[in-house]
1. Quick one: residue 311 ticks every box in (1) hydrophobic (A, V, I, L, M, F, W, C); (2) under 27 Å from residue 358 (Cα atoms); (3) assigned to a helix (DSSP H, G or I); (4) open to solvent by less than 80 Å² (accessible area, probe 1.4 Å) except a single one, so which number is it?
2. Does at least one position in the range 177-192 carry a residue that is part of a loop (DSSP other than H, G, I, E, B), away from ligand 2 (no atom under 15 Å from the Cβ) and surrounded by fewer than 21 Cβ atoms within 10 Å (Cβ to Cβ)?
3. In the list 157, 150, which residue meets the criterion of being farther than 14 Å from residue 110 by Cα and more than 10 Å from the chain's Cα centre (by Cα)?
4. For the structure I just gave you, tell me whether residue 123 is within 22 Å of residue 26 (Cβ to Cβ) and in a helix (DSSP H, G or I).
5. Scan the range 85-118 residue by residue and report those that are open to solvent by 40 Å² or more (accessible area, probe 1.4 Å) and within 16 Å of ligand 2 (Cβ to nearest atom).
6. Restricting to helices (runs of 4 or more DSSP H) lying wholly in the range 202-259: which have 1 or more residues that are open to solvent by less than 20 Å² (accessible area, probe 1.4 Å) and closer than 16 Å to residue 39 by Cα?
7. For residue 131, only one of the following conditions fails: (1) away from ligand 2 (no atom under 16 Å from the Cβ); (2) modelled with pLDDT of 95 or more; (3) out of contact with any Lys or Arg (no Cβ under 6 Å at 6 or more places or on another chain). What is its number?
8. Tally the residues that are open to solvent by less than 50 Å² (accessible area, probe 1.4 Å) and within 16 Å of ligand 2 (Cβ to nearest atom), restricting the search to the range 152-173.
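The values are calculated or read from the model by the stated rules, or taken from the named source; none is laboratory data. Here the structure is a predicted model, which is why all the values come from computation and not from measurement. In this analysis, Cβ positions are derived from the backbone assuming ideal geometry, glycine residues included, and neighbour counts consider all displayed protein chains. With ligands, DNA and RNA removed, areas are computed over all heavy atoms of the protein, side chains included. Shrake-Rupley method; radii C 1.70, N 1.55, O 1.52, S 1.80 Å.
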Amino acid sequence: MIEAVGIKSWGIIDWDGQKPLLIAGPCSAETPDQVMESCRGAASQGAHLLRAGIWKPRTRPGTFQGVGKEGLKWLADASAQTGKPAAVEVASPRHVEDAIKAGIQVLWIGARSTANPFTVQEIADALSGVEIPVLIKNPINPDLDLWVGAVERIAQAGISRIALIHRGFSTYKSAPYRNAPMWQIPIEMRRRYPNLEIICDPSHICGNRSLLATVSQLALNLDFDGLMIETHPRPDEAWSDAAQQVTPDQLGSLLVPLIARHPESTDPEFTANLDALRYDIDRLDHEIIDLLARRMMVSQEIGRYKKRQDVTVLQLNRWSEIFESRVKSTIDAGLSRDFASEFIQAIHNESIRQQLNVLEDEGHS
Ligand code: PEP
Ligand code: MN
């Protein structure tokens, strides 16, 4: 378990724990005026922390790569003007040094850097002995261990003020998203690091404005602590990520209807009803486990017959038939297609394991 200090006690971000913690500002710093306007707008909509990309990790060369070091001063000025701390992405020891020198108060590690342990280690080494909070984005690929590894490297450098940012995972054609959210990964991260706050970045998950509100609410439904949303005074003219940025006013309209949920409630009626339903769930889960165990005993019996006749454990025709019919029944019962196929495959894999054990364990017939 890493020693982590929650954002409320970072002493930098003025946040009372009321969700969502809001991080806003432009994708990239472009000009001094644009940074000031974006940050003023973000602050007026309640942003607790400002953001702006200074060095931009762009997929293709020949696109805008960020204004570089001079933008740090613009952001520091916007921070001083609004009274809000500011964060930038760092991808090298030089970025760390320049950002700290310019008085930037929070750093974040971008998704491409988290995917590269060499880069993360170089950043960690540069942070050794430095007192600054670090936000760690998930790696671009859906690899939980890379995310965990980045947290460990930064923590080992002595940084205790760490939070996580979930920005989705790039996959080939991940429509309707730019980066598929794969919520089970941030949920597992939260289980592993219950002390670290986790912030959702709907801008990079969505890649366009239209889905931002839905994904933001989904994140709150899943008990995320905060949101990072890119804001720009004239989004369509933005030098990077134009399609996903919103004006400060649009940010405001997006935030108003959001419902912040709590992981617990003390209402006695709610608690009693929930307990009753959970009792049913516990009973049903045990019934499911019992049924599966009985099913596997039948599989073992089949294994014994196959063994006597030297028949293969895998019989492709039978498997295809089972797969199609059971997936259909599961979907007809109102469950999702993804669940249906994973569920049937899991049962079949276990059935094969059981039959292979019969072949190996029970000697020659
Ligand atoms: C960003 O926040 O502007 C950015 C480049 O994000 P990511 O590392 O998530 O792609
Ligand atoms: Mn961006």
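1. Looking at each condition in turn, residue 311 falls short on (3).
2. The initial filter retains those residues of the range 177-192 that are part of a loop (DSSP other than H, G, I, E, B), namely 177-179, 181-183.
Now restrict to residues that are away from ligand 2 (no atom under 15 Å from the Cβ): 181-183.
Imposing the further condition that a residue be surrounded by fewer than 21 Cβ atoms within 10 Å (Cβ to Cβ) reduces the set to 182-183.
The answer is yes; a qualifying residue exists.
3. On the way: 150 fails: farther than 14 Å from residue 110 by Cα.
Just a single option satisfies the conditions, and that option is 157.
4. Judged against the criteria, residue 123 is not a match.
5. Going through the range 85-118, the residues open to solvent by 40 Å² or more (accessible area, probe 1.4 Å) turn out to be 93-94, 97, 100-101, 103, 105, 112, 116-118.
Selection gives 112 alone.
6. Working: elements: 202-206, 212-221, 248-255.
The qualifying helices (runs of 4 or more DSSP H) are 248-255.
7. Of (1) away from ligand 2 (no atom under 16 Å from the Cβ); (2) modelled with pLDDT of 95 or more; (3) out of contact with any Lys or Arg (no Cβ under 6 Å at 6 or more places or on another chain), only one is false for residue 131: (2).
8. Just the residues of the range 152-173 that are open to solvent by less than 50 Å² (accessible area, probe 1.4 Å), to begin with: 154-155, 157, 159-169.
Right, trim to within 16 Å of ligand 2 (Cβ to nearest atom) and you get 165-169.
Here the count works out to 5.
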